[in-house]
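Here's the structure we're looking at; comments come further down.
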Amino acid sequence: MSEMTVKQPKIKSKFIREVNAVITILSRDITIFFKSPGAIIISFGMPIAMMGMLGGSLGQNMSGDLTFEYGPYMIVGMIVNMLFMITIMGMTSLVEERLTDFTQEMMISPISRYSIVIGKIFGSAFGAIIGVIGTLIVGFFMGITLEIHQLLIILALSPVICLLAGAVAMSIMGIVKDSRTANIAVMLVTMPQMFLSGVIIPINNSSGILYILNRAMPMTYCLDLIRAVVYSGSSEYENIVLFNPMISISVIAAITVIGLVAGTFLFARSETNR
C-alpha cells in the first residue's frame, strides 16, 4: 500500500473531525441563545429602536433631499448592521467562557483552533440571523420590503459579513482579559460603525475627518458590497455605491484573514500563559 493511499484516509478523518467540532460548537451556541431571553430581546428590539425611531425620523426629515429611495437603503444597512454587530457581541462569550476554563479545555483538545473560532463565529451568527428576521418584520410594518432575489443575495453573502465581524471580534478577544472590558471594547468598535459606515446615514458626500473615519470602518466595505449587488443595474447605483465591488471584496478578505490569524494566535497564547 502506497504512502499516498495511507495519507488519504487520515486527511479525510481529520477533516471530518474538524467539521464535527465546528458543528458541535455551533450547536452549543444556538442552545445557549435560546436559553437567553436577553439575547432574543436584543435581536428583535434593536431593529425596532434603530429603524422605527432613528431611521423613521431620518427618513421623514432627510429623504426629500436624496436622489434615491431611503427605505430600501436603510433596511439593507440595518440587515448588514445586525449581522455584523450581533456576531461581534456573541463572540464576547469567549471571554466569559475563559473564566470557567471552557475555552482552555477546547484549546487543548485535538482540533484546530481555527475550527473552534469558526464554530463560535457561526454560533454567534445565528443570533444575528434572528436579528435580520426582526429587521425584516419591522421593515414590513413600516412599508419597506425587498424583492426575493435581493434577500437571497444578502443571505448568500451573510457568511462573509459574519466572518469579517468574527475576525474583528477575535482581534479584541485576543487582547482583553475580562468580560467587562470586552463589552466596553465591543461597544467602542460597533457603535461608531453604525453611524459612520453608512448604515442609516448616507456617507457619499463625507469629507475631512469623517471621510477618513468611514473609510477606516470594516463595515463600510460590507455595506458597499451588499448594496453594489442589490442595486446592480439600477439607476440608483451611482448615487449609492462607493467602490468597485472588487475593492470591497479585497478589503474584506484582507481584514478577515489578518484578524482571524492574529486574533486566534493572541487568544490561544493568552490561554496557554494562564
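So the values come out like this:
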read-out	value
Paramagnetic reach from TYR211 (point 7 Å along Cα→Cβ, amide N under 12 Å) across segment 240-266	none
Per-residue HN-Hα couplings for segment 198-211 [Karplus 6.51, -1.76, 1.60; θ = phi - 60°; Hz; x = Gly/Pro]	x, 4, 10, 10, x, 10, 4, 9, 5, 8, x, 5, 5, 4
In range of the label at SER232: residues from segment 159-176 whose backbone nitrogen is under 19 Å from the point 7 Å along Cα→Cβ	159-162
Dipole magnitude of segment 117-271, debye to nearest 20 (Cβ charges: Lys/Arg +1, Asp/Glu -1, about Cα centre)	420
Distance between modelled label sites at GLU96 and ILE184, nm, 7 Å Cα→Cβ extension	1.9
Potential extension, ARG28-ILE137 segment - 0.36 nm per residue separation minus Cα distance	36.6 nm
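All of the numbers you see were taken from the coordinates with simple rules; none came from a lab. Bear in mind that the values here come from a model prediction, so they are computed numbers and not experimental data. Backbone-built Cβ (ideal geometry, glycine too); neighbour counts: all protein chains shown.
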